[in-house]
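Shown next, in structure tokens, is the structure this report addresses.
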Amino acid sequence: MSSLSQNPQRPEMPSSRRGSGSVVLPSGQTLAYHTRTQDEEDLPHANKKTMADHLRKYDSLFTLTPQRMRMIVEAFRDTLETGLQKKGQIVPMIPTFVFGWPTGEEKGDFLAVDLGGTNLRVCLVTLQGEGKFELTQSKYRLTEEQKQEEGQKLFDFCAECLGNFVKSNIVSAGGKIEEGKNIPLGFTFSYPCSQERIDHGELIRWTKGFGAPNTEGHDVAAMFREALVKYEVPVTLEALINDTTGTLIASHYVNPSTKIAVIFGTGCNAAYMEKLPAIEKLGNLGEGSADEMAINCEWGAFDSFEHEHLPRTKYDIIVDETSNKPGEQSFEKLISGRYLGEILRLVICELIDEGVLFLGQNTYKIEIPYVFDTAFLSLMESDPTDELLMIIGIFTHFFALETTLAERQFFKALAKLVGRRAARLSACGIAAIVNKMGYLEEGCSVGADGSLYNKYPGFADRVHEGLVDIFGVKGKNIVTHHAEDGSGVGSAIIAAMTKNRKDAGIFVNV
Ligand code: BGC
């Protein structure tokens, strides 16, 4: 019992076993309390047997059978097809106006701005032809406040950073940019935008926790152009692109067997090259001819609102309902780096509530939403020591919690379940595109990028395993590889392709 509970003046405490919470005092003030749930010095810990029992339960909740995966693939494929036929679908299958593959001979200096989920990056890319390039870049971390403040302010910040980057890279400052020269710019904006032309894009909805007002429903290319004028940045915005489209083009530039690109990072999404006649909803493009166009699937929205196909656990439902966009991005919420740590944290909190974990310890630090970074999952999974010293470190250092070996083994196994489910669901998305495009027999390369893909141990192997579970041995024909820098290099190549296309008089109005 905590000493607070012996105080007769104390307001009613909620009946949680957790070590923290808050109560509203009669004065209207809120009092936060942090208590130990038991007073014993010798802390009772969950033993090996109880942890193993719990693990069995979570194992069945988070494991996807091959049969279930095939059902998901089927529904996914239908969704992709409907998105190509009709405008305004939940998975919007966005025509990008990137017509076909690069030749590898695109050349010149280009600027690229990449507004991602975590960072803003500005790059100067020199395309040298033969699939070669040079890149200079600066990165700026976005604050949580910036993600929620007025949309125009966000674009002003991008323009200001780009302006500073240009100044520090002019020839007189030792850089490559000639003073007074107007440079073509590719703007990578990694949120769903419906495009009427390549240099236009109306934000359908914010994802990945962004919520800047007065941006949804607006043309973000126009907002960025306004900011570029305000900060007198000497550039011409040639193309607004999605990170997946950039990744598709950049990966193909250096590895022509690439046919699909996927991002598994803070968010998740895919792009691929589609035959023009298959994009039924596409209107008249004007003068010109082309066979193909890249499609930005925005597959993170798969099964949003209806929740018919994906295996959501109660933790996934909590993540969804407490997000700033309930109901939306259902597929992404089961897969991407923004959410995996939170899913695991919610399981831990449930076991704290049930009195299984951390009895007698002060658990308030781990009870804060989103405090459990997805990077911890990778670290826990890759802890090579018998004692699981890395896991000891995470829990003591970040959450001031002591753990037993049995608990640490449980956490490691739990991280594996959550990470494995994400990889297998990702395989379902890739398989849906492979199925739709008929790539299984001939095989194809999938350019993949994002923190989860690059840093989570075994993520790629599990995607490959998932593909074999779906397709049998032929699944081995589909191979993911680390993609080239899509939002920097890809954006520059697309800006170059667009300039070349328009100079050649092909579809000049889009
Ligand atoms: C966005 C996509 C983006 C993906 C990966 C998602 O949340 O909707 O546009 O490609 O994240 O960055």
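The values are calculated or read from the model by the stated rules, or taken from the named source; none is laboratory data. As the structure is a prediction and not an experimental result, all values here were calculated from the model. All Cβ positions, glycine included, derive from the backbone under ideal geometry; neighbour counts span all protein chains shown. Ligands, DNA and RNA are stripped out before the accessible areas are found, and what is left, the full protein with its side chains, is counted by its heavy atoms. Shrake-Rupley method; radii C 1.70, N 1.55, O 1.52, S 1.80 Å.
Only residues that are free of Cβ contacts under 8 Å to residues at least 60 places away in the same chain and among the charged types (D, E, K, R) were counted across segment 254-302, and they come to 1. Inspection of segment 301-309 finds a residue satisfying the criterion of being within 16 Å of the ligand (Cβ to nearest atom), open to solvent by less than 10 Å² (accessible area, probe 1.4 Å) and not in a loop (DSSP other than H, G, I, E, B).
Sort out which residues of segment 478-510 are in a helix (DSSP H, G or I), open to solvent by 60 Å² or more (accessible area, probe 1.4 Å) and in contact (Cβ under 8 Å) with a residue 24 or more places away in the chain, and write them in order of number. Correct list: Lys499, Asn500.
Any residue at all in segment 189-197 that is part of a loop (DSSP other than H, G, I, E, B), within 16 Å of the ligand (Cβ to nearest atom), over 27 Å from Thr322 (Cβ atoms) and open to solvent by 10 Å² or more (accessible area, probe 1.4 Å)?
At the first step, the residues of segment 189-197 found to be part of a loop (DSSP other than H, G, I, E, B) are 190-192, 195-197.
Within this subset, residues satisfying the condition of being within 16 Å of the ligand (Cβ to nearest atom) are 190-192, 195.
Checking the rest, the ones that are also over 27 Å from Thr322 (Cβ atoms) come to 195.
Applying the additional criterion that residues be open to solvent by 10 Å² or more (accessible area, probe 1.4 Å) yields 195.
The answer is yes; a qualifying residue exists.
Give me a count of the residues in segment 310-323 that are surrounded by fewer than 16 Cβ atoms within 10 Å (Cβ to Cβ) and either within 15 Å of the ligand (Cβ to nearest atom) or among the aliphatic types (A, V, I, L, M) (or both). Going through segment 310-323 one residue at a time, the tally reaches 1. If you go through segment 129-172 and keep only what is part of a strand (DSSP E or B) and surrounded by 13 or more Cβ atoms within 10 Å (Cβ to Cβ), you end up with Phe133, Leu135, Thr136, Gln137, Ser138, Lys139, Tyr140, Ile170.
Mind checking which residues of segment 310-337 are among the hydrophobic types (A, V, I, L, M, F, W, C) and assigned to a helix (DSSP H, G or I)? Even if it seems obvious, please write down each step before you answer.
As a first pass, look at segment 310-337 and keep what is among the hydrophobic types (A, V, I, L, M, F, W, C): 310, 317-319, 331, 334-335.
Result: Ile317, Ile318, Val319, Phe331, Leu334, Ile335.
Only one entry of Val122, Val113 meets the criterion of being closer than 28 Å to Val254 by Cβ, under 21 Å from the mean Cα position of the chain (by Cα), away from the ligand (no atom under 16 Å from the Cβ) and open to solvent by less than 80 Å² (accessible area, probe 1.4 Å), and that entry is Val122. Quick check on segment 329-351. Is at least one of its residues in contact with a helix residue (DSSP H, G or I) (Cβ under 9 Å, 6 or more places away or on another chain), open to solvent by 60 Å² or more (accessible area, probe 1.4 Å) and away from the ligand (no atom under 15 Å from the Cβ)? The answer is no; no qualifying residue exists. Against the condition outside the structural domain of Asn324 (by TED's automatic domain parsing), over 28 Å from Lys87 (Cβ atoms), touching a residue at least 40 places away in the same chain (Cβ under 8 Å) and within 16 Å of the ligand (Cβ to nearest atom), how does Lys181 come out, does it pass? No. Within segment 220-268, the set of residues being part of a strand (DSSP E or B), away from the ligand (no atom under 16 Å from the Cβ) and either open to solvent by 20 Å² or more (accessible area, probe 1.4 Å) or among the aliphatic types (A, V, I, L, M) (or both) comprises Val235, Thr236, Leu237, Glu238, Lys259. Checking the conditions here, which among Tyr453, Tyr439 is outside any helix (DSSP H, G or I) and assigned by TED's automatic domain parsing to the domain that holds Lys49? Residue meeting the stated conditions: Tyr439.
Scan segment 388-402 and give yes if some residue there is within 25 Å of Met69 (Cβ to Cβ), in the same structural domain as Gly475 (by TED's automatic domain parsing) and not acidic (Asp, Glu), otherwise no.
Restricting attention to segment 388-402, the residues satisfying the condition of being within 25 Å of Met69 (Cβ to Cβ) are none.
Scanning segment 388-402 turns up no residue that is within 25 Å of Met69 (Cβ to Cβ), in the same structural domain as Gly475 (by TED's automatic domain parsing) and not acidic (Asp, Glu).
Among the residues of segment 284-319, how many are small (Gly, Ala, Ser) and either modelled with pLDDT of 95 or more or within 14 Å of Leu425 (Cα to Cα) (or both)?
So the count comes out to 4.
Regarding segment 460-473, can at least one residue be identified that is closer than 24 Å to Thr65 by Cβ and in contact with a Pro (Cβ under 8 Å, 6 or more places away or on another chain)? Give the steps one after another, and end with the answer.
If we filter segment 460-473 for residues that are closer than 24 Å to Thr65 by Cβ, which is where we start, we get 460-473.
Remaining after also requiring in contact with a Pro (Cβ under 8 Å, 6 or more places away or on another chain): 469-470.
Yes: segment 460-473 contains one or more residues that are closer than 24 Å to Thr65 by Cβ and in contact with a Pro (Cβ under 8 Å, 6 or more places away or on another chain).
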